[in-house]
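Computed from the coordinates by the stated procedures, all read-outs in this text should not be read as laboratory data. Computed from a predicted structure; not experimentally measured. Quick reminder, even Gly has a Cβ in these numbers, built from the backbone with ideal geometry, and neighbours come from all protein chains shown.
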Amino acid sequence: MANFLSKTFGKLTSSILNLIVIALSVISVISLIALPVLNLKVGVTFTKEISEILLPKNQETTDEDEIIQLVVDELVKEKVTLRFEIKLSAMDTVSCALDGGTEKTKEILYSFTDAIAESVDEKVIEKAEIAITKASVTTVIKMQISTLSDTLGEKSDEVMQNIGVDEEYVNSKTQSILDSIKADGANVDSVTDSIMTIVDDVDQKLQGSEYKDEVDKLTEENRAEIRDSVAELVQSLSDENGEIDGDSLISSLLSGLLSDSGEQASALPNSSATFAIKKPLFETENKPEEKSLDQILKEELRALITGGVVKTAKTVFLAISILLAIVAFCWAYLILKIFFKMHSKNPLIKLKAPISVSWIPFVILFAIPNVISILLKNPPSMLTSAIGEQGLSALTTIGKAISLSASSSTLIPFVLSVVLFVFGILYSARRKALKKELKKQKTSV
């Protein structure tokens with residue numbers, strides 16, 4: 001009776017131990033299949049350092065370069081941040097590996113770039129609208145000063161400050177133009193009137209300042225000429241009824257800024273009392289009416305996916321899929337082996353396989369990205385010997401602008417492999433005890 005109870009208890013213990021192994025294995029395999037093997041959360045903030053990288057200082061700068069610089073400076077002031085996620089699943093990598101061509105790889109890479117494009121949400125667009133319009137208002141005023149006086153044009157920033165056209169003034173004019181564009185029933189006349197108030201106001205400030213003898217007067221004739229030209233520009237951005245859709249207009253302006261490399265959009269005729277309203281406020285040529293900002297961004301980013309990038313990505317996805325398949329198989333192998341040995345006298349098995357491989361994808365897809373994130377946030381000075389002072393400086397610059405966090409389903413098999421390793425001490429002891437007991441029984445027979 002005692003022997004029977006001992007055997008029953010032994011079988012029950014072995015069954016419980018095996019059930020724990022099966023549970024760990026099932027969780028590991030399912031996590032690899034169902035959860036993203038890589039989920040990157042990225043934040044990119046416009047900083048002064050990033051603006052210097054995007055717009056390196058050249059000895060010769062055009063008017064368009066100055067406008068774009070103003071826009072970027074405003075984006076920096078507004079601390080505009082793009083946040084997006086890049087997700088890669090095991091099924092994605094496997095489908096790429098099984099695909100004879102590169103279409104599936106392209107599709108996945110496009111999903112990454114589309115995620116970046118879609119990160120430009122309403123809040124980001126709103127800040128960009130302000131930045132672009134503010135830069136345009138500043139450009140309008142500088143153009144006017146330069147046109148009315150060649151000598152003052154060379155020191156327009158100083159003149160603007162001295163006549164009270166400071167940042168607060170520009171902000172107020174920026175908002176008034178945005179309001180006029182977005183107002184219900186906005187039309188050519190209403191937007192043109194809003195723009196012309198800048199011309200009138202700056203002229204009054206100039207005529208009442210210490211610079212009045214250095215600038216030409218804005219006559220009614222010249223003012224009418226300017227208004228006609230501005231109205232013509234606004235007309236090109238309106239519909240057949242002369243009405244303006246604010247959201248479409250702003251989207252068009254942002255799209256134009258992104259899709260065009262800053263080509264000059266000459267606006268008004270050259271005369272002694274005219275100024276040019278250049279892009280990004282208004283654009284008269286190649287206006288992408290048929291495309292939304294989202295479409296423009298997606299097309300621009302997708303254009304970066306070249307054949308070489310696709311080929312490299314396919315190789316990487318293939319390597320990841322093979323690695324994940326090996327890890328999943330090692331865990332599944334434990335389940336199969338337990339079922340095969342279920343009715344044997346010693347149903348316990350060796351647990352080495354998943355323990356020996358689960359750490360590899362964890363290191364590649366979880367540990368390394370998070371280590372990079374830590375290094376970006378606070379690069380240690382010891383890296384100087386490895387990447388040099390310039391490299392450390394570049395890393396610090398990138399770290400100020402980019403936030404990165406990574407999660408991965410490979411963390412679960414890794415953690416469970418550690419649990420399995422610790423649990424294996426008890427499991428292995430029981431397995432060896434059974435083996436020893438069976439050997440003893442065999443010897444006694």
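Where does the charge balance sit around N370 when Lys and Arg score +1, Asp and Glu -1, over other residues with C-beta under 14 Å from its C-beta?
Numbers: positive: K41, K377; negative: none.
Once all neighbours under 14 Å are counted, the net charge is +2.
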key: Cα-Cα over 25 Å, subset of K77/K155; K350/K436; K77/K173; K127/K212; K341/K432; K311/K400   = K127/K212; K311/K400
ask   = In what sequence, highest mean first, do 184-193, 401-410, 108-117, 214-223 appear when ranked by Cβ atoms within 10 angstrom?
value = 401-410, 108-117, 184-193, 214-223
request  = Calculate I(q)/I(0) for segment 307-438 by the Debye formula, one identical point scatterer on each C-alpha and no solvent, and give its log10 at q = 0.11, 0.20 Å⁻¹ to two decimals.
outcome  = -0.62, -1.14
